[in-house]
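Asker: My questions will all concern the structure given below.
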Amino acid sequence: MLERIQQLVNAVNDPRSDVATKRQAIELLNGIKSSENALEIFISLVINENSNDLLKFYGLSTLIELMTEGVNANPNGLNLVKFEITKWLKFQVLGNKQTKLPDFLMNKISEVLTTLFMLMYSDCNGNQWNSFFDDLMSLFQVDSAISNTSPSTDGNILLGLEFFNKLCLMINSEIADQSFIRSKESQLKNNNIKDWMRDNDIMKLSNVWFQCLKLDEQIVSQCPGLINSTLDCIGSFISWIDINLIIDANNYYLQLIYKFLNLKETKISCYNCILAIISKKMKPMDKLAFLNMINLTNELTYYHQAISMNPQIITFDNLEVWESLTKLITSFGIEFTIIIEQVNDDQKLDTLYKQSVISNVDSILLEKIIPILLEFMNNEFDSITAKTFPFWSNYLAFLKKYKASSPNFVPLHKDFLDNFQQICFKRMKFSDDEVTQDDFEEFNETVRFKLKNFQEIIVVIDPSLFLNNISQEISANLMNCKNESWQIFELTIYQIFNLSECIKNNYFGLNKNEIMTSQPSLTLVRFLNELLMMKDFLLAIDNEQIQILFMELIVKNYNFIFSTSANTANATDDDEKYLLILNIFMSSFAMFNKRENVRLRSWYLFTRFLKLTRINLKKILFANKNLVNEITNKISPLLHIKVTSINAQGTDDNDTIFDNQLYIFEGIGFIITLNNSSQELTAATANTPIDYDILDQILTPLFTQLEGCITQGASPVVILECHHILMAIGTLARGLHIGLVPENQVNNMVVNKKLINDSLIHKFSNIAEVILVTFSFFNKFENIRDASRFTFARLIPILSNKILPFINKLIELILSSTDLKSWEMIDFLGFLSQLIHMFHTDTDCYQLFNQLLTPLINKVHSIIEEIDEQHDQQSSSNKPIDTAVTATSVNKNIVVTDSYRDKILLKKAYCTFLQSLTNNSVTSILLSDINRAILPVILNDLVTYTPQEIQETSMMKVSLNVLCNFIKCFGNGTCLDNDDINKDPNLKIDGLNEYFIMKCVPIIFEIPFNPIYKFNIKEGNFKTMAYDLARLLRELFIVSSNPTTNENECVKYLTQIYLPQIQLPQELTIQLVNMLTTMGQKQFEKWFVDNFISVLKQGQ
């Protein structure tokens, strides 16, 4: 049998075995595991002398698996494993002097013993092996090892002792490690085991660790892992055992630990052990006494002196050791800050006593701990600097909170704050080691960003100190930057940036109306002006960090650059600065930079700067008539659209370049119209002839390119090139519109008509024609359809209702497409909703949609049918998975299949489109002769839902709102919307009221109460849906009222037909009708949800 297992294990682990062979071998091994004598078989596999390490490992793993199963986890089986494995282990560890088991096997043996421990130790396991620790201590001759201080001690005994410690560590990990989330039952069991250990065995373990620490140093050098494992055990167990077992009155135990601080092999374990000890939870005053007693700072004085005298003592070779030491000292300091916080929050303590304790703890930090941590923070290694950050966060938060506690509080800490800020300045600088973009990003995330946050807290604590220090730092660097490294200049710009952020966020605590004239703002303005005066030096710099940071600084602080306080002479200064900034942008420093990331970022920032400085730019354009031509000529090389390569998905590999190139088109469009709108300063009206011929300089090359694409035919590269050109034209139109119309009026059609010139309308009519020609050639390609919709949406505000003839053709072409995707229809429906909103009062628009509504609804249904077919195909190809998906989607509002998700999103967009008809008072279009045939289809869509769709609450909300509005607008068969200018008062559709009643009433009651819909009234989304159902019933009641006969068809249907049919109790029926007829809208909704649905749901 053992040979057979060996063959099977080898087959599974042999990389040359095929999948079928491995699967068959695993099945056969599983069969052996399930046999009655499986434990005996795999025990034999482990202890067999001929078994190699792989077989032993597999055997031990299988024993763990078998012991944790219910069938094999019986006393006899566990005792068998216990007896055989411990006997074999004794020989392997103590008796076998020739070979030592590899670490991975020893770890697996520890796992086996830990499993036995968890299943047999303490009364919660029936007291099967309460002598666990005694037996293993005897097995490994622990007493002999720790009592013999002679250097000739058997090395195997020391290894056995080390193994025992590692076993204890694994056990502690099982019962006390807080990193794992355990069940309540498991946690209770672990607590029971820990209680049993405290009562019976922890004293023994503590003594073992104590004796290990006392071993002769020569013995320790034979087996350094023994001391490390001992220290690890103390640090691991200390969180839940009595601290007095480790800390005695004379600190003898602790002194034994301290002696390993300076031993090379044990330093890290010693630091971690002490860290765990000082982190032991205690009451604040007990912790303070404890921290003072252990006298850790005296033990660490050597390290403080060493690093102060020789910072180069830290090298890459010993970096891990110093990181561990820094972490220890940081944690030591944090414990004191926690004491401060806990004492302050203790309501039982006297105020004066609190202040005394806090002052005492603060003095300890300032005198003993902070000097050490400042040295570590000032070190050149980022990892060591970062280790100190948790303490600084806590301590600065303490200073910020208590700065107003006494007049002397801030002065007492001024020296610390001054030193700390100086170190922050130094450590913010990039080092020579940071050479790649990844290096810079890592440094920013791990070091610089934290230091920036610390600076911001210092501003709040002592604004004058911060401003004085940062001003001196920046001034000195600006003065000497030409003689310094690029890192110094980059840091200078970064600190100017930080100063501006502190001002904007008002960390200086100024009155809002004083910010721009305050000393910090004046200082910032001075630095910004000095930077701009260094134009020649800037342009000569070839460093991407500086280039990007400078542009970001200028754009984000434009208001300071052009503020009244920035003007030292007259308005001409602003113009000169503005032109200076434009020239910097339009140079190799920025927009024409050789580095792609700088170039692309500058394109965005250029346009952003133009839009933010609209007023300044407008004045400059008015004063400089040729400036637009100069700008256009300079950046025209950047406007050429080129597709160099295309990937398998049909997109450009350099899409990022094109996406950013669109910002240039938007910016140039913005300048052109802003230039022409500036002529209004002298023009009498907005209809004064304005020249837009400069647009031809941009559009003509694009049109020529489009013409060439049409000539070449529909290759993937050509289609993508056409897409890019159309997107560029649309983005140019957006820029033109924003430049001409104030941002807060872009959607105001009256303002648009007034400000948009006829010559511009003429040019964009030609653009619309070009787009339609291009679209007619390539309308079967979805990215062309997408780009055409995008561009037309940007032309609408400019052309207004003059775009409708072009829109008519566009819609016809899109609806005629045979391969329209669901996401395209979703976007298209949103586009149509925008048209309805903007032109709902236009007769031509009404007639357009009157003609196109029926084809549009049919197209939506066609796409939904295609999605359903796709969903059915997915279901038939994988029925088990699909069944699981359906069950999950009903209960948790998630749907795994893409086809179903597409359908839900399309239905929501469809309902949103229908809602735009009611929102814009054009519902009469649904009652027209042309669309009357499609109306039943639309209404059926609104009253038919599957159980899965009910779970899609966002879609249901839109759908129910549309249904309510339809009933409100034409629920009795006539158009009731007085704002609908196209309604026919003589038109009525008979039977529509009865249709709404018969279809909607069942929805109102079935959705909440039919179990298949899984309607949970306690969930917020479903409760909102319940309110919508109440509003639906109320709208039915209102529209069904007949003033002539004083009857209500809705009430009659409820009381005579539906409610008796569902067997609603008579008293509830009477109450419901009474509330429906007497309450207002909001009152009824609240009653229906809280007193009807919620109460009845409790009885289900």
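Each value in this text was obtained by applying a stated rule to the coordinates, not by laboratory testing. Since the model is a prediction, treat every value here as computed from it, not as a measurement. Neighbour counts are summed over all protein chains in view; Cβ atoms, including those assigned to glycine, are modelled from backbone coordinates with ideal geometry.
Asker: In this model, which of Lys189/Lys214; Lys908/Lys999; Lys859/Lys988; Lys281/Lys387; Lys903/Lys1018; Lys611/Lys903 are farther than 30 Å apart at the alpha-carbon?
Answerer: Among Lys189/Lys214; Lys908/Lys999; Lys859/Lys988; Lys281/Lys387; Lys903/Lys1018; Lys611/Lys903, the Cα-Cα distance tops 30 Å for Lys189/Lys214; Lys611/Lys903.
Asker: Run down the lysines and flag those whose C-alpha is under 17 Å from the C-alpha of Lys634, throwing out any fewer than 8 positions away in its chain.
Answerer: Lys594, Lys625
Asker: Modelled label-to-label distance, Thr1069 and Asn48, 7 Å Cα→beta-carbon offset: nm?
Answerer: Taking the two extended label points, one gets 8.1 nm.
Asker: May I pose another question? Once R0 is set to 35 Å, what does the formula 1/(1 + (r/R0)^6) return for the Cβ-Cβ distance between Asp984 and Thr1077, expressed as a FRET efficiency to the nearest 0.05?
Answerer: That gives a FRET efficiency of 0.65.
Asker: Over the residues of segment 514-562, compute the C-alpha Rg and express it relative to 2.2 N^0.38 Å.
Answerer: For segment 514-562, the normalised Cα radius of gyration comes out at 1.25.
Asker: Let me ask another. How do 57-65, 602-610 rank on mean C-beta neighbours within 10 Å, highest first?
Answerer: By packing density, highest mean first, the sequence is 602-610, 57-65.
Asker: Please compute the length gained on full extension between Lys611 and Asn251, using 0.36 nm multiplied by the number of residues separating them and subtracting their Cα-Cα distance.
Answerer: Extra length available between Lys611 and Asn251 comes to 122.6 nm.
Asker: What 222 nm value per residue comes from the helices of the chain, counting each DSSP H run with n ≥ 4 as -39,500 (n - 2.57) and dividing by all residues, nearest 500 deg cm²/dmol?
Answerer: Value at 222 nm, helices only, nearest 500: -22000 deg cm²/dmol.
Asker: Now, a different point. Which residues does the label zone of Glu320 cover in segment 257-281, counting backbone N under 16 Å from a point 7 Å along Cα→Cβ?
Answerer: Under cut-off, by backbone N: 263-273.
Asker: I'd like the orientation of helix 843-877 relative to the chain: the angle between its Cα long axis and the longest Cα principal axis, in ° from 0 to 90, rounded to 10.
Answerer: The angle comes out at about 30 degrees.
Asker: Each label point is 7 Å from the Cα along the Cα-to-Cβ direction; what then is the distance between the points at Asn37 and Ile1062, in nm?
Answerer: 6.8 nm
Asker: Can I ask one more? Which residues among segment 273-287 fall inside the zone where the amide N is under 13 Å from a point 7 Å beyond the Cα of Asn360, along Cα→Cβ?
Answerer: Residues 284-287 fall inside that zone.
Asker: What is the order of Met1, Met956, fewest Cβ neighbours within 10 Å to most?
Answerer: Going from sparsest to densest Cβ surroundings: Met1, Met956.
Asker: So, one more: Using a Förster distance of 30 Å, how high is the FRET efficiency between Ser383 and Asp286, based on the Cβ-Cβ distance and rounded to 0.05?
Answerer: That gives a FRET efficiency of 0.35.
Asker: Cut-off under 17 Å on the C-alpha distance; same-chain residues fewer than 8 positions from Lys259 excluded. Which aspartates and glutamates are left, in chain and number order?
Answerer: Within reach: Asp216, Glu217, Asp232, Asp248, Glu299.
Asker: With angles folded into 0 to 90 degrees, how steeply does helix 953-970 sit against the dominant principal axis of the chain? Use alpha carbons for both and round to 10.
Answerer: 20 degrees
Asker: Work out the P(r) tail for segment 991-1098: percent of alpha carbon pairs separated by more than 16 Å, whole number.
Answerer: Considering segment 991-1098, 57 percent of its Cα-Cα pairs are separated by more than 16 Å.
Asker: At Ser279 and Thr1024, where each label point lies 7 Å from the Cα along Cα→Cβ, what is the point-to-point distance in nanometres?
Answerer: So the label points at Ser279 and Thr1024 sit 4.3 nm apart.
Asker: In Å and whole numbers, how far do the C-alpha atoms of segment 164-239 stretch along each principal axis, longest first?
Answerer: Cα extents, longest axis first: 47, 25, 17 Å.
Asker: Kindly express, to the nearest 10 degrees and within the range 0 to 90, the angle between helix 155-176's C-alpha long axis and the longest C-alpha principal axis of the chain.
Answerer: Tilt relative to the chain: about 40 degrees.
Asker: Further, regarding this structure: Work out how much length Asn79 to Arg198 would gain on full extension: take 0.36 nm times their residue separation and subtract the Cα-Cα distance, in nm to one decimal.
Answerer: So the extension gain works out to 40.4 nm.
Asker: A follow-up question, please. With +1 on the Cβ of every Lys and Arg and -1 on the Cβ of every Asp and Glu, and nothing else charged, how large is the dipole of the chain about its Cα centre, in debye rounded to the nearest 20?
Answerer: For this selection, approximately 1660 debye.
Asker: While we're here: Using Stokes-Einstein with the Kirkwood hydrodynamic radius over Cα pairs, what translational diffusion coefficient do you get for segment 316-366 at 20 °C and a viscosity of 1.002 mPa s, in µm²/s rounded to a whole number?
Answerer: Rounded to a whole number, D works out at 171 µm²/s.
Asker: How much length would be gained if the chain were fully extended between Asp842 and Thr351, taking 0.36 nm per residue of separation minus their Cα-Cα distance, in nm to one decimal?
Answerer: Here the segment from Asp842 to Thr351 would lengthen by 169.3 nm.
Asker: Estimate the FRET efficiency between Asp536 and Gln342 by the formula 1/(1 + (r/R0)^6), using the beta-carbon distance for r and 60 Å for R0, to the nearest 0.05.
Answerer: For Asp536 and Gln342, the calculated efficiency is 0.55.
Asker: Label the chain by shape, choosing from rounded, prolate and oblate, from the square roots a ≥ b ≥ c of the eigenvalues of the Cα gyration tensor; if a/c is under 1.5 it is rounded, and otherwise prolate applies when a/b is larger than b/c, oblate when it is not.
Answerer: oblate
Asker: Further question on the same structure: How large is Rg over Rh for segment 256-398, taking Rg from the Cα atoms and Rh as the Kirkwood inverse mean of 1/r across Cα pairs?
Answerer: 0.99
Asker: While we're on this one: Quick one: order Thr21, Thr114, Thr644, Thr673 by neighbouring beta-carbon count within 10 Å, fewest to most.
Answerer: Ordered by Cβ neighbours within 10 Å, fewest first: Thr644, Thr21, Thr114, Thr673.
Asker: Can I ask one more? With viscosity set to 1.306 mPa s at 10 °C, what whole-number translational diffusion coefficient in µm²/s follows for segment 437-560 from Stokes-Einstein and a Kirkwood radius over Cα pairs?
Answerer: 105 µm²/s
Asker: Given segment 1059-1100, what whole percent of its Cα pairs are spread farther than 12 Å?
Answerer: In whole percent, the share of Cα-Cα pairs in segment 1059-1100 beyond 12 Å is 62.
Asker: Expressed in nm², what is the orientationally averaged projection area of the convex hull enclosing the Cα positions of segment 350-464?
Answerer: Convex hull of Cα atoms, orientation-averaged projection: 7.4 nm².
Asker: Then there's this: Can you list residues from other chains, or at least 5 along the same chain, whose modelled amide H is less than 5 Å from the amide H of Ser1041?
Answerer: Distant-sequence amide H within range of Ser1041: zero hits.
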